[in-house]
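A short worksheet on the structure shown next.
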Amino acid sequence: MRSGLRTGTLTLLCLVLLASAASPLLAQVGTLIEKVEIRGNHRIPQDTIFYYIMTRSGDVFDQDKILIDFKALHKTNLFKNIKVDVSDGETGRIVTFIVEEKPIIRSIAYEGVKSFKQSDILDKFSEEKLGLTVDSPYEPTKIKKAENIIQNLLVLNGRPLGTVTTAVEEIPPNSVKIVFQVAEGEKVRIGKIRFTGNTVFDNGDLKDALKLSKERGLISMFKGTDKYHKDKLLYDLEENVKSLYQEHGYLDMKYGQPEVEIVEGPRGFLPLLRKTKKQFYITVPIDEGAQYRVNSLEFEGNTLFTDEQLLPLIGLRKGDVANYKAIKEGMDTIKKIHGMQGYIDFDIQPKLKTDQPNRLADVTFTVEQGKQYRVNKIEFFGNTRTRDKVLRREFVLVEQETFSQTLLDISIQRLNQLGLFEKLEEKDYEIKRNPQEATVDINLTVSEKGQQSIGLTGGISGYQGTFVGINYSTNNFLGYGDKLMFDAIFGTRIVNFSFAFTDPYFLDTNSLFGFSVYNRRYRYDVNDYTYYYQTSDAVQLYVRKTTGFSLTFGRQLWRFWRYYISYELENISFPPDEINEDYYYLVEAQLFGINPGLPIDEALAGLIRSQVSLRLSQNTTDDFFFPTRGRELDLGVAFSGGPLQGDFNVIRPYVDMKFFFRDPFLFKGRNVFGFHGRAQFVAPFGDTQAVPFFERYFMGGDQDLRGFDIRGVSPYAVVSTIAKDNEGNPLIDFETGLPRRTDQVLPIGGDIAFMGQAEYRIPIAGPVSIALFADAGLSTVTQYDKLGFSESTNVYLISSTNGKWRASTGAELQFMLPMVNAPFRLIFAYNPLRLTEIFRTKDQQYSYNEPETNIQFTIGKSF
């Protein structure tokens, strides 16, 4: 396309035509326009053109008005040529706008692009508001801008030697095809960065201070910081290198224009770490200046707090190094405490006056407090099912009280913990100021999650075995934020009927009330790694049936702190015909110690547990399923029996803690670290002389040691029992004359358990993420005299299996299941720390080998 398409000369031509045609008419006052015509348009309708011009048939002929119309058409950017013709008609003048339309772009192609995607180009076009799309008018200036954008993308992706040209192919009658031809050129990465003029910090210190521009290495390759970009380097120097000097009192530090050259440098020998053939060599001149110390610190304009109250927040005293970083952090803290008091327009600026000969700095903080704002209205939008009061009761910021950004942040965090809405962020709320009234209105828009689940479930689970069930659950019953759950599950390991209801704000108070009723049957299996039973499958030990109810009361103590008191009454039974024949002797021995006065058959038929649990909880996490920051702390203790009656007396204290925070180093904090620790203990008291077998701690499974099977980690013991005939008489060993004894090696569970988990969660796309994990834990026996005994059975702990740590590591694939509103987890694990042991009894030897790898899946949170 030739430059003749431009319309600058056409404007002049138009003016000449207008002047020559209209000059004899100027004397004829009142000459009318007979007709206005449009010619030359093919694609653009006449109605569209008439929309932009004011001249109409019947108007008085006006040269200035026609000139305005001409300019209006020119501004539309739709035409490459515009002319105006004025001629005589029968009753007046005929004004003709003759236009030549710009070509339309019929297609846009990108050839030779390999280092980035076409979508990256389109995103940049959109970001720059270029307006270069198919069916848009062809404009050479836009094509040139597009070339510059693509060239900049080449630089950002380490291809600074690349070139971009454009081929424009005409498509008759009036269209074009645009082809951007990209020759990427060689890769060029940063090979060397050096500084000159620096004496306080060496090159290594200054290169470490750079965050966006790094010499090529393993980490910089992974993060992409080995690609040179001028703006990023200048930002690094201004924000990071300069800050390093100012943090140490070098307030006058300056840096010069970086010298950048592309050379062929040494590449190294390691294949994966080799540098590119062509490299950027960057040299940055530094003028460090002098180090200053604080001479004085003063405030001007502060009325809410005194100087004595504000100075400690700066953290500097007279004679200290003038640490500008401490000054900025102190100002942020001062701004924050004023914001907590409603001064949201608060501003503080430092004025530095330096005494170069004495190397002293006087710092004066100029304060503008502004008005104190209060909250006028808080309104919620998007909560079509959830009632306003459910959201409002989580707000610690109250209408008609002083506004506080801190309280607003806490309120948003509390709403996120409910799990009722998609995660709320700063973009989801608007703070509308009314400076005249010194008030703010807060508008919060939420997006509700699926809040109830009803359906038929089934499958295979490590905990439930093969199962089928029907369930209904909601965490927002009737929109009041109450939790309701009904569950009926039938499986090879579990049969469960339960109903539970919880009102977190009972009677619109800060008190929680909940109750549940249940009837459960659970088969306790264990993976026999000793192969005592000559099978690699899980072996049934016993079946436990539990029927009972619970009542829970709780109350908010302070923002994220709550306490809970629960009472449970249960009947626990063990069908004799469903107890493993070998395990029966251990059950008998422990039941004898649990309640010595209770006959074994009555104990198996049903033990009454009457229990009170006390719990103190803190939760500052920012999301229910996938938190990115905050912590959870649970301290609790459960008392069974004693003054509460029941058939056994047990105390079970525990502590559980979780921490979450974003990775500050990789992917701009997108990934998340999580840590979880738990310690628990169980002990009998009073008449109970043994820790019940159903209260002991077995580990393994998706909730603690993910590489081990459920209940697969436990201390082992030899259970020695007097052999009896069919009539219950002891069998005599003729060699010794004593009753013959039978020994079995059985898992017995610990009375103390410790567990620690670490997880690194990497979001992949949408609801899908990968979590790298490491788990460690142990279940151990400390109360050797509480293992259980009876007249015919003794239990001897195998010490080599006790107090042994296990460890598991691997990866999880996690994604949300929308139907159940909970994450599905597929776990791949390797167990670097596992137990391999040889057991010996009087008559036999057993080889114990825990698995090296494992694959599991489940539904629910990891921790």
task: Just the number, please: carbon plus sulfur as a percent of the accessible area of region 295-351, 1.4 Å probe, no ligands or DNA/RNA counted.
output: 46 percent
- request: Find the accessible area per residue for region 104-183; the probe is 1.4 Å, ligands and nucleic acids are left out, and the unit is Å².
  value: 54 Å²
- request: Could you work out how far apart the two model spin labels at ILE855 and THR364 are, taking each label as a point 7 Å from the Cα in the direction of the beta carbon, and quote it in nm?
  value: 7.3 nm
field: Under 14 Å from LYS275, Cα to Cα: aspartates and glutamates that are on another chain or at least 8 residues apart
entry: GLU186, GLU215, ASP226, GLU264
message: Stokes-Einstein diffusion coefficient for region 197-285 at 25 °C in a medium of 0.890 mPa s, Rh from the Kirkwood formula over Cα pairs: what value in µm²/s?
response: 174 µm²/s
message: Can you give the Rg/Rh ratio of region 32-101, where Rg is from the C-alpha atoms and Rh is the Kirkwood radius?
response: 0.95
field: Extension gain (nm, one decimal) between GLU430 and VAL168, 0.36 nm per residue minus Cα-Cα
entry: 89.6 nm
task: Report in % the part of the accessible area of region 104-183 that belongs to carbon and sulfur, leaving out ligands and nucleic acids; probe 1.4 Å.
output: 49 percent
query: For region 669-697 and region 802-863, what is the separation of their C-alpha centers, rounded to whole Å?
result: 18 Å
query: Roughly how many nanometres apart are two label points built 7 Å out from the Cα toward the Cβ at LYS223 and ILE470?
result: 5.6 nm
query: Taking only protein heavy atoms and a 1.4 Å probe, what accessible area per residue, in Å², does region 189-287 have with all protein chains in place?
result: 54 Å²
- prompt: Which stretch or stretches of region 699-721 have amide N atoms under 20 Å from the point lying 7 Å from LEU826's Cα along the Cα→Cβ direction?
  reply: 701-703, 706-709
statement: Quick calc, region 522-859, dipole around Cα centre from Cβ unit charges on Lys, Arg (+) and Asp, Glu (-), nearest 20 debye, gives 1840 debye
- prompt: Along the positive direction of the dipole of the chain (beta-carbon charges: Lys, Arg +1; Asp, Glu -1; about the Cα centre), which of ASN849, PHE365, TYR343 reaches farthest?
  reply: PHE365
query: What share of the DSSP beta bridges in the chain is antiparallel, in percent to the nearest 5?
result: 85 percent
- line: Quick shape check on region 522-859: root eigenvalues a ≥ b ≥ c of the Cα gyration tensor, a/c under 1.5 is rounded, otherwise prolate if a/b tops b/c, else oblate, and it reads oblate
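How would you order 393-401, 798-806, 348-356 from highest to lowest mean count of nearby Cβ atoms within 10 Å?
Ranked from most to least packed, the peptides come out as 798-806, 393-401, 348-356.
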1.4 Å probe accessible area per residue over region 374-445, in Å²: 49 Å²
task: At a temperature of 10 °C and a viscosity of 1.306 mPa s, determine how fast region 374-445 diffuses translationally according to Stokes-Einstein, using the Kirkwood radius over alpha-carbon pairs as Rh; express D in µm²/s, rounded to the nearest whole number.
output: 127 µm²/s
message: Antiparallel versus total DSSP beta bridges in region 374-445: what percent is that, nearest 5?
response: 50 percent
- line: With -39,500 (n - 2.57) per DSSP H segment of 4 or more residues and division by the full residue count of the chain, the 222 nm estimate, nearest 500 deg cm²/dmol, is -5000 deg cm²/dmol
task: Determine the percent antiparallel among the DSSP beta bridges restricted to region 32-101, to the nearest 5.
output: 60 percent
- prompt: Between the DSSP loop rule and a limit of at most 16 other Cβ atoms within 10 Å, which trypsin sites (Lys or Arg not before Pro) in region 218-267 are left?
  reply: ARG267
field: Global geometry of region 296-335, whether rounded, prolate or oblate, following the gyration tensor of its Cα atoms and the 1.5 cut on a/c
entry: oblate
statement: Gyration tensor on Cα atoms of region 306-368, a ≥ b ≥ c root eigenvalues, a/c under 1.5 rounded, else prolate if a/b beats b/c, else oblate, says prolate
- line: Expressed in nanometres to one decimal, the distance between label points 7 Å along Cα→Cβ at ALA758 and ASP59 is 7.8 nm
- prompt: How would you order 833-840, 471-478 from highest to lowest mean count of nearby Cβ atoms within 10 Å?
  reply: 471-478, 833-840
message: Taking only Cα atoms of the chain, what ratio of Rg to Rh do you get with Rh as the Kirkwood inverse-distance radius?
response: 1.11
message: With equal scatterers on the alpha carbons only and no solvent term, can you work out the Debye log10 of I(q)/I(0) for region 93-189 at 0.13, 0.18 1/Å?
response: -0.49, -0.82
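The values are calculated or read from the model by the stated rules, or taken from the named source; none is laboratory data. In this text, all values refer to a predicted model and were calculated from it rather than measured experimentally. Neighbour counts are summed over all protein chains in view; Cβ atoms, including those assigned to glycine, are modelled from backbone coordinates with ideal geometry. Heads up: the accessible areas ignore ligands, DNA and RNA and are worked out on the full protein's heavy atoms, side chains in. Shrake-Rupley method; radii C 1.70, N 1.55, O 1.52, S 1.80 Å.
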